[in-house]
Structures are given as C-alpha cells and as structure tokens.
Amino acid sequence: MYLFDNLPLEIIRFEIFPYLDYEGRNAVNACLPRQDRIPTPFAKDSNNILMIKIQTCLLKKLLDRTYKETRRHREILKLFRSFDKLSHIFQYNYKFHVCMIEKCKKYSKSDEPEYTLTTKYFKKTLVKLCADFLEVYKIKYPFKYNLNSGVWNPIQNRYVEKEGWRT
C-alpha cells in the first residue's frame, strides 16, 4: 500500500505535480506505484550547473594554494595554465568572464608594476600565457549566457529575474 493510493492519479498529476520542484517530484514519485510514476526531466542547464560547481571547487582549491604557498609565482602560473579546466565558468558566468579578460589584458603588458619583484621567467611566462589566452578566448571559449542571472523557479521551470518572487 502506497501513500497516495486513495488519491486519484489525475489530482496528483494536474493539481500537485505542477507546483513541485525537481526534488519534490522525485519524492512524490517514490510514494507512487511503479506504473503510476510520472517521469521528471532534468532542469534546464543542469549539466552546465554541475560543471560550474565542479570547476568552482577546482578554482577555489587553486586560489587557496596561491595564498598559502610560499612560492606563489609557481601557483599563479599553474592557475593560468589550468584554464582549460575552467571553461564552463568562463562561458556561463559573466562576472568571471569580464574579470579574467581584464586580468589577462593587464598582465599581458610586461611593464606592469606587479612584475618588479618577480623573476624574469615568471614575467615572460605570464605575459605569454595571457597574450595567448587573449588571442583565442573568443574562438575557444565564447561567452554563451549567464547562468547566475536569475533565481531558478521550479514552478514555472524557467529563470526569473531577481526582482520577481522567489520560491
């Protein structure tokens, strides 16, 4: 005997299901017999959101190492070299996209004051990495759209602006 056996299936499908988010639908489906379960599709861009979360953890790890290590120059070069692993953040987060381009434009000039206390190897390598990135980022990592622009609304299954109501 299941929890919703006494409730007609039409009530569940048309009166309850439209007002549930993804996790809620899965919980209700678990309470229904197998033949009455309603398939729930993944949310829009759920794969991109998952990749952004994974790459954010990687970026946080790299940034933490640059602050903790005594050889910060080496860690900063690792950060700029590992940019292929951070492509989803760059393509789907406008703030990170703009920040990365500004930093690369700044560091691609060899006369920056930040380079006064660095080695020649670090200066030459970082200038080259940033210049190479600025040449290919529009082709290899084009900005697609911002996934962080709104709050996910499970009832309407679309992103709504922050001024709208929240669930």
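The values are calculated or read from the model by the stated rules, or taken from the named source; none is laboratory data. Note that the coordinates shown come from a computational prediction; the quantities given were computed from them, not determined experimentally. Cβ atoms come from the backbone with ideal geometry, glycine included; neighbour counts cover every protein chain shown.
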query: Do we have any residue at all in the stretch 146-154 that's within 30 Å of Tyr19 (Cα to Cα), among the aromatic types (Phe, Trp, Tyr), modelled with pLDDT under 80 and not in a helix (DSSP H, G or I)?
result: yes
message: Out of the residues in the stretch 111-141 meeting the condition of being of a type in the set (S, T, N, Q) and surrounded by fewer than 12 Cβ atoms within 10 Å (Cβ to Cβ), tell me which one is nearest to Ser82 (Cα to Cα).
response: Thr119
- line: Inside the stretch 33-80, the number of residues satisfying the requirement of being among the basic types (Lys, Arg) and under 25 Å from Tyr145 (Cβ atoms) is 3
query: Considering the stretch 90-121 alone, what residues qualify as being aliphatic (A, V, I, L, M), within 19 Å of Thr56 (Cβ to Cβ) and out of contact with any helix residue (DSSP H, G or I) (no Cβ under 9 Å at 6 or more places or on another chain)?
result: Val98
Residue within the stretch 45-62 that is more than 30 Å from Lys128 (Cα to Cα), within 20 Å of the chain's Cα centre (by Cα) and part of a loop (DSSP other than H, G, I, E, B) present: yes
message: Being assigned to a helix (DSSP H, G or I) and among the polar types (S, T, N, Q) is the filter here; which residues of the stretch 32-44 pass it?
response: Gln35
query: For Gln55, which of the numbered conditions (1) modelled with pLDDT under 85; (2) in contact with a helix residue (DSSP H, G or I) (Cβ under 6 Å, 6 or more places away or on another chain); (3) under 29 Å from His97 (Cβ atoms) fails to hold?
result: (1)
- prompt: In this structure, does Ile52 turn out to be in contact (Cβ under 8 Å) with a residue 60 or more places away in the chain and assigned by TED's automatic domain parsing to the domain that holds Tyr107?
  reply: yes
